[in-house]
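In what follows, a structure is listed as structure tokens, so that the remarks can point back to it.
Read-outs throughout are calculated quantities, based only on the coordinates presented, and are distinct from any laboratory measurement. All values reported here derive from a predicted model rather than from experimental measurement. Cβ atoms come from the backbone with ideal geometry, glycine included; neighbour counts cover every protein chain shown.
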Amino acid sequence: MDYKKLLARAIGEKTGSSSTEIEGWIETPPDPKMGDYAFPCFRLAKTLKKAPPLIANELYSTVKLPDCFSKMQTAGGYLNFFVEPSALARDVLARVFSEGESFASSGEGRGKTVCVEFSSINIAKPFHIGHLSSTVIGNSLSRIYKHLGYNTVRINHLGDWGTQFGKLIVAYQKWGDKETVEKGSIRALLDLYVRFHKEAEENESLNDEARAWFRKIEDNDPAAMELFNWFKELTLKEDGRVYEMLGVEFDSYAGESFYSDKMGAVVDELREKNLLIQDKGAQIVDLAPYDMPPCIILRSDGATLYATRDLAAAIYRKKTYDFYKSLYVVAYQQNLHFRQFFKVLELMGHEWVKDCEHVNFGMVSMEEGTLSSREGKVVFLEEVLNASVEKTLEIMKEKSPDLEDKLTAARQVGVGAVIWGALYNSRIKDIVFSWDKVLNFDGETGPYAQYTYARCCSVLRKAGEFDAGSIDYSALTDTESQALLKAIGALPDTVREAASRNEPYLVSRAVIAICSAFNKFYYENRIMDEDPSVRNARLALTDAVRTAVKTGLYLVGLEAPEQM
Ligand code: ARG
């Protein structure tokens, strides 16, 4: 299936340019009628000192077309190539059948580690729909890198440090009780937090009490730690349910508090390197030469900041995992923060900061209006997921009354719909979440992709066995089969590109492309044709679709229901 490589080698032989360079120049024509690959000859105009159409003509008569191609054509300054249709069928099916569900995988990442920090929820705060994007983008990227052979470390950088925990302890002691908090969990903690802020408006001294309690947490005071750990436990238990529904796991929950004993070393290093300056009692790194506000390292009372913890975390991750790449899947609201602390790492001389990347994404709002935890209009992600499962169940009762295990399918599809909603567009786009959009079984949605998968399974179930060992590839040379084969064959390159741009939506779109090509194929061709060799070839193609869609769904974090 390495058509580009074969072409690049053939062209390279005649031009003296390296085939890797040529491979990078080869394009896919916008219209398949123009061929499967195109070589833009203007790339060679400078070295060959000739006009592109002339180069195209010369290459046309000299290049030896590799076997799996049927023809080449010149079109102005382009040289277009057509893959031989039955060779395409043979190559695509062979790769899918030999790789199975590891289709589109590779070993390019062998021996390299990618840290993916994602989700990074806050203790005692709701897991809201804003955390959804981070969670599903990060999960998908981790799966994609793993598929490409990288060793991945999935990190949940918990927000578990800061004076708010002092506030929570004060509020709990004054107005809370064990039973209510056990029962209400995050909601009860949130109520306490809101109450604290209300009361503190009247009573300034509450803030001093809160600071004192946070100090105790910093000093590892047993009474303070007991409450702090309890809040953490409650949050993780509740949010664990969401992770389970989403099928998301982590290798590390080392959050902000994990770095509390590692920041001293960072401050020392900054001081040794003459980067710290005093500013109104605070210790800062001046970033004015880089057009940024200063990065505050220590407050005037000696307390560390969010950025200090991120510096410690980055250094720790480099030391511990010796990463090839370290990704931070965090909303674009924090762009400045990341630019600042990356710059500080650079000034410290940590050249590996070039391998750190802020994988940012846009805002998620519900159709009714933007969500915000401060105004108390919080929508918990768990509620959204449950509602989606319920709505899906209703649709299934209507559409597939005979389906046996509706609840399992509704869970897979309902949860999948929500995940897909956050992964179908380029990360940076703001998303307006709407039920009509995510639960549309005919649109370019998760349910549509899952439905196509289930349809393949059903066709194959009804047909019984087919013989993958003797496929008549010439039965797959019609337009629909060829379009479908190309869509499947495109997945490996797409997965690679999704990793290099950290964009899972490329995979979602590739899955949809396969699904819509399959549905066209399905309407235009009778799979259960009278001619046994045609039937066998079409079943083999259907089986390849099944595998490719399952793999694609997995890579974006969706399950593949066999019936729905
Ligand atoms: N907990 C933070 C939030 O919910 C996100 C943490 C991002 N990660 C980081 N390394 N700063 O906004």
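Against the empirical 2.2 N^0.38 Å scaling, what ratio does the C-alpha Rg of the chain come to? Don't jump to the answer; show the numbers that get you there.
Values: Rg = 28.1 Å, N = 564, 2.2 N^0.38 = 24.4 Å.
Scaled against compact globular proteins, the figure is 1.15.
Specify the inter-centroid distance of region 180-214 and region 78-142, based on alpha-carbon positions, in whole Å.
43 Å
Label 7 Å along Cα→Cβ of GLU269; region 329-365 residues with amide nitrogen under 19 Å?
338-358
Given the options MET72, LEU132, ALA87, identify the residue whose Cα lies farthest towards the positive end of the charge dipole of region 1-144 (+1 on Cβ of Lys, Arg; -1 on Cβ of Asp, Glu).
MET72
Can you give the angle from 0 to 90° between the axis of helix 178-202 and the longest principal axis of the chain, with both taken from C-alpha atoms, to the nearest 10?
60 degrees
Give me the one-decimal Kirkwood hydrodynamic radius in Å for region 71-156, with the sum taken over alpha-carbon pairs. Intermediate results must be reported in sequence, preceding the final value.
Working: mean 1/r = 0.0602 Å⁻¹.
Mean inverse Cα-Cα distance, inverted, gives 16.6 Å.
Mind checking which lysines have their Cα closer than 16 Å to the Cα of LYS406? Skip sequence neighbours fewer than 8 apart in that chain.
LYS391, LYS397
Using the alpha carbons of region 12-51, what is the convex hull volume per residue in cubic angstrom, as a whole number? Intermediate values should be presented prior to the final figure.
Details: hull volume 3.2 nm³, N = 40.
Value for region 12-51: 80 Å³ per residue.
Students often forget the sequence filter, so: which aspartates and glutamates lie under 18 Å Cα-Cα from LYS280 once same-chain residues fewer than 8 apart are removed?
ASP301
Can I get the semi-axes of region 119-211's equivalent ellipsoid? Compute them from the C-alpha gyration tensor as square roots of 5 times the eigenvalues, in angstrom, largest first.
On the way: eigenvalues 257, 37, 23 Å².
The equivalent ellipsoid of region 119-211 has semi-axes of 36, 14, 11 Å.
With respect to the cross-link table entries LYS273/LYS354; LYS146/LYS343; LYS125/LYS318, which display a Cα-Cα separation exceeding 23 Å?
On the way: LYS273/LYS354 20 Å; LYS146/LYS343 29 Å; LYS125/LYS318 29 Å.
Result: LYS146/LYS343; LYS125/LYS318 exceed 23 Å.
For the Cα atoms of the chain, what angle does the longest principal axis make with the long axis of helix 164-175, in degrees from 0 to 90, nearest 10?
60 degrees
Share of Cα-Cα pairs in region 352-464 beyond 25 Å, in percent?
Values: 2213 of 6328 pairs.
Every Cα pair in region 352-464 considered, those over 25 Å come to 35 percent.
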